[in-house]
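Below is one structure, written out as structure tokens, with a few remarks after it.
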Amino acid sequence: MSELRTITIDEVAQHSDEESCWIIIHGKVYDVTKFLEEHPGGAEVITQMAGLDSTAEFDDVGHSKDAMEMAKEYLIGQLPEDEVAEVKALVPPTPAQPVAKPSAMKEFLTSSTFANIWIPTTMGIGIYVFYKCVLKSQAVSVY
Ligand code: HEM
């Protein structure tokens, strides 16, 4: 396969409508102008990304292997190395999912200490207080 032409982000940006529609996916540049009408997801989703990096959008759809193969037909070039890094910095492929740390309260409420000790103890105190109140009211009614 012949060397891919190096195409800058600025050059891609000049092809930003349905007359000439270039998109960037994973650092590669695709001229999808002729593909717009054929695109199973519709022309509009792509024209919205015309002239831009649409890696995240492309990946989010979960395009099939066939779609990836199909894309090769429209490949016209690749971004210079430094611009690939730039695009990645702008749109992190998968932003690191912060491991949601449960709050101290949530951690306590879901802990076995809470379930095994605090729930029965609280229930016991509740029942004790309840009976005390009942006995007290009975004592009042007797006298
Ligand atoms: C060269 C570029 C592209 C090719 C060859 C392509 C190809 C395809 C193909 C073959 C499908 C049918 C489903 C599948 O086989 O995955 C599809 C669906 C779709 N594509 Fe693309 N696509 C491209 C770019 C894009 C871009 C840049 C976007 C978004 C900005 C996009 C959004 C969608 C959506 C929303 C669907 C519909 C998914 C569904 O109905 O479940 N595509 N595309």
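Sub-7 Å Cβ pairs linking a first residue in segment 63-80 that is part of a helix (DSSP H, G or I) to a second residue that is surrounded by fewer than 15 Cβ atoms within 10 Å (Cβ to Cβ), at least 6 apart or interchain, number zero. Can you pull out every residue in segment 30-43 that is more than 6 Å from the ligand (Cβ to nearest atom), assigned to a loop (DSSP other than H, G, I, E, B) and either closer than 18 Å to GLU73 by Cβ or aliphatic (A, V, I, L, M) (or both)? Result: LEU36, GLU37, GLU38.
The rows are residues; the columns are (1) modelled with pLDDT under 80; (2) open to solvent by 90 Å² or more (accessible area, probe 1.4 Å); (3) assigned by TED's automatic domain parsing to the domain that holds GLU57; (4) within 43 Å of the chain's Cα centre (by Cα).
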| residue | (1), (2), (3), (4) |
| --- | --- |
| GLN97 | yes, yes, no, yes |
| THR110 | yes, yes, no, yes |
| ASN116 | no, yes, no, yes |
| PRO120 | no, no, no, yes |
| MET123 | no, yes, no, yes |
| GLY126 | no, no, no, no |
| PHE130 | no, yes, no, no |
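The criterion of being in the same structural domain as GLU86 (by TED's automatic domain parsing), near the ligand (Cβ under 8 Å from one of its atoms) and closer than 17 Å to GLN78 by Cβ does not hold for ILE46. Across segment 47-77, the number of residues qualifying as more than 15 Å from the chain's Cα centre (by Cα) and aromatic (Phe, Trp, Tyr) comes to 1. Against the conditions (1) at pLDDT 95 or above; (2) away from the ligand (no atom under 15 Å from the Cβ); (3) surrounded by fewer than 17 Cβ atoms within 10 Å (Cβ to Cβ), LYS88 satisfies every one except (1).
In summary, ILE23 fulfils each of the numbered conditions (1) within 7 Å of the ligand (Cβ to nearest atom); (2) in contact with a helix residue (DSSP H, G or I) (Cβ under 6 Å, 6 or more places away or on another chain) with the single exception of condition (2).
The values are calculated or read from the model by the stated rules, or taken from the named source; none is laboratory data. Computed from a predicted model, the values in this text were never measured in an experiment. Glycine also receives a Cβ, built like all others from the backbone with ideal geometry; neighbour counts cover every protein chain displayed. Heads up: the accessible areas ignore ligands, DNA and RNA and are worked out on the full protein's heavy atoms, side chains in. Shrake-Rupley method; radii C 1.70, N 1.55, O 1.52, S 1.80 Å.
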